[in-house]
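Participant: If you scroll down you'll find the structure; I have some questions about it.
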Amino acid sequence: MNRLPRYLVGLMILAAACTDDTEGPAEPSLALLQAGAARVTTNADAGPGSFRAAIQAANDDPSIGTIRFAAGLEAIRLSEPVTYSGAQALVIQGTGVRLNGDALPDGASALVADGGGNLALRGLTVVGAPGNGITVKVPGGANGTFAVRLQQVTIRGNGLHGILINDQAGYFDDPLSTSEEGSPASLLVEVIDSRFERNGFTLIDSDGLRINEGGEGKLEAVVRGTRFLGNGADGLELDERGAGDATFSLRDTELAGNGSFTEEDLDDGIDVDEAGDGNLIGRFNNVVVNRNFEQGVDLNENGVGDLRVTMADVKAAENGEEGIEFEEDDDVAGGGDIEADLVRITTRANGGGDAGLKLREKGDGNLTARIAQVLSVDNRGAPDADPVSGVLVREDEGGDLTADLVEVIARRNGGDGIQFDENEDGNLSGRVRRSEATRNDGAGAALEQELPGTGSVTFSDFEATGNGAGPVVSEEVDVSGAP
């Protein structure tokens, strides 16, 4: 990414963009500099005063760092994509204007940014593009931190991704490519008070917001006050490959009804994939993930990195499979750990998969979880499907499982209320306190330890009545305090 001219330094200030905090991502803020500006005064597609002309002026003149729309403009109907190719940071202040892409050529985006300058969009609506609503391409030679800020944007009814921010070299030629190649730059994306609705019904795997990071950099995303509703694939997908971490936070955000485009590949509310040497580090606070067609929350860390997540006040109901699923070493073994701290979680009436709330470490790492004040009820699969448990914590291969459950309620689930599985050579150490597992089709608590490892679980103030397989079922686990 090109260095900004001195007179534009400050256009986008990356506050707290880097952090050593392993509990979750920093929450950056991109501030605006009142610098050289171009104005949009007409809703014409081209000509003086048009949005297209203002973007062209910014392409030609690096002193232009802001484009402002006059208030009250009618929708702008685009006949060709508008492309920003400037190297300077650019702020587009939309004042509520709508870009209508229904007259664009097949597969075209309404707005494309490919010059390598940081981009901030505010008060802009993009609808009806046959391709992506907005495409942001990170140049292969970019370095440092490439930043995108979206505030009060509405992205609705676009054929492919609502917004695609891409730093994976092979993605445009082959969306199924697994190459880790990309620029040396890191990606920083901030999404505030925005909406992504009904995008992605032209081609499989087209999301509301898709962020791809490849190469040596890291991916950092901050999402606040935003809704992802009824998109064809994932509401929000983050895909990080290579050496960097995938670090994100969601707060005051809803992801609902996403993933219905095709039964060949139903999708999730939020899907985060981290591959390579980096970690996946996430934070959720006051998040709703309901009625998505596969998982509500789907987090996958592949390779040597860890998966570290904190959650507070999260509700996941009526999703097609698990309400919340964490998997480490899902596709590529590397030996990382899972560390989870979850409080005030509800998983209700999720319809398939293994559990309403599922944590699984599949490689040689450890799984450590604190799970408190959780309600997991009525999670049941189809009549001929595998039973669905309330809470499942499972560690495979080498590594230990350590879990502390406090004030957990698991009722009327199709499988076990609470399930601890330690497989291979690791050891199981668990505590279940002030909890209830009642009226589940399986056991209240099902505990399994594979030899030669050792397992022990202590219960304290645990109610487990009315379960189909009894209060507690144990295999090679020392149990104390069970009812």
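Participant: Order the peptides 342-352, 157-167 from the highest to the lowest mean number of other Cβ atoms within 10 Å of their residues. Please report the intermediate quantities before stating the final value.
Facilitator: Values: 342-352: 21.6, 157-167: 27.3.
Result, highest mean Cβ count within 10 Å first: 157-167, 342-352.
Participant: Give me the one-decimal nm value for the distance between modelled label points at T41 and D102, 7 Å along each residue's Cα-to-Cβ direction.
Facilitator: Reported label-point gap for T41 and D102 is 3.0 nm.
Participant: With semi-axes √(5λ) of the Cα gyration tensor in Å in mind, check (i) 50, 35, 18; (ii) 45, 22, 18; (iii) 39, 24, 22 and report the label derived from this structure.
Facilitator: The value computed from this structure is option (ii).
Participant: What is the chain's relative contact order, in percent, from Cα pairs under 8 angstrom and six or more apart in sequence?
Facilitator: On the way: 1778 pairs, mean separation 33.2, N = 483.
Computed over the chain, the figure is 7 percent.
Participant: Which distance in nm do the two modelled labels at A70 and D384 give, with both placed 7 Å along the Cα-to-Cβ direction?
Facilitator: The modelled label-to-label distance comes out at 6.5 nm.
Participant: Moving on to the next point. What distance in nm separates the simple spin-label points at D461 and S63, each placed 7 Å from Cα in the Cβ direction?
Facilitator: 7.1
Participant: Right, here's the next one. Just want the answer: with Cβ charges of +1 for Lys and Arg and -1 for Asp and Glu, which residue in S177, S194, G144 is farthest toward the dipole's positive end in segment 127-272?
Facilitator: S194
Participant: Here is a further query. Which of the peptides 448-461, 75-88 is most tightly packed, and how do the rest follow, judged by the mean count of other Cβ atoms within 10 Å per residue? Could you put the intermediate results ahead of the total?
Facilitator: Details: 448-461: 16.7, 75-88: 18.6.
The peptides rank, most packed first, as 75-88, 448-461.
Participant: If you don't mind, there's one more thing I want to ask. What's the Cα-based Rg to Rh of segment 55-154, Rh via Kirkwood? Write out the running numbers ahead of the final one.
Facilitator: On the way: Rg = 13.1 Å, Rh = 13.8 Å.
Ratio of gyration radius to Kirkwood radius for segment 55-154: 0.95.
Participant: Karplus couplings for segment 223-236 from phi (6.51 cos²θ - 1.76 cosθ + 1.60, θ = phi - 60°), rounded to Hz, Gly and Pro as x?
Facilitator: 10, 9, x, 10, 10, 10, 10, x, 7, x, 10, 5, x, 9
Participant: Also, quick follow-up: Taking the Cα atoms only, what angle lies between the long axis of helix 51-60 and the longest principal axis of the chain, rounded to 10 degrees?
Facilitator: 80
Participant: What residues have an amide H closer than 5 Å to that of F284, excluding those fewer than 5 places away on the same chain, when H is modeled at 1.01 Å from N in the peptide plane?
Facilitator: L250, T310, M311, A312
Participant: Further question on the same structure: Considering Cα pairs under 8 angstrom that are at least six residues apart, work out the relative contact order of segment 353-457 and quote it in whole percent. Kindly include the intermediate steps, with their values, before the conclusion.
Facilitator: Working: 320 pairs, mean separation 27.5, N = 105.
Relative contact order, segment 353-457: 26 percent.
Participant: On to the next question. Residue by residue, what Karplus-based ³J(HN,Hα) values in Hz, rounded to whole numbers, does segment 199-209 have, using 6.51, -1.76 and 1.60 with θ = phi - 60° and x for Gly and Pro?
Facilitator: In residue order, the calculated couplings are 8, x, 10, 10, 9, 4, 6, 10, 9, x, 10 Hz.
Values in this text are rule-based calculations from the coordinates and carry no lab data. Computed from a predicted model, the values in this text were never measured in an experiment. So basically every Cβ, Gly included, is an ideal-geometry build from the backbone, and we count neighbours across all protein chains shown.
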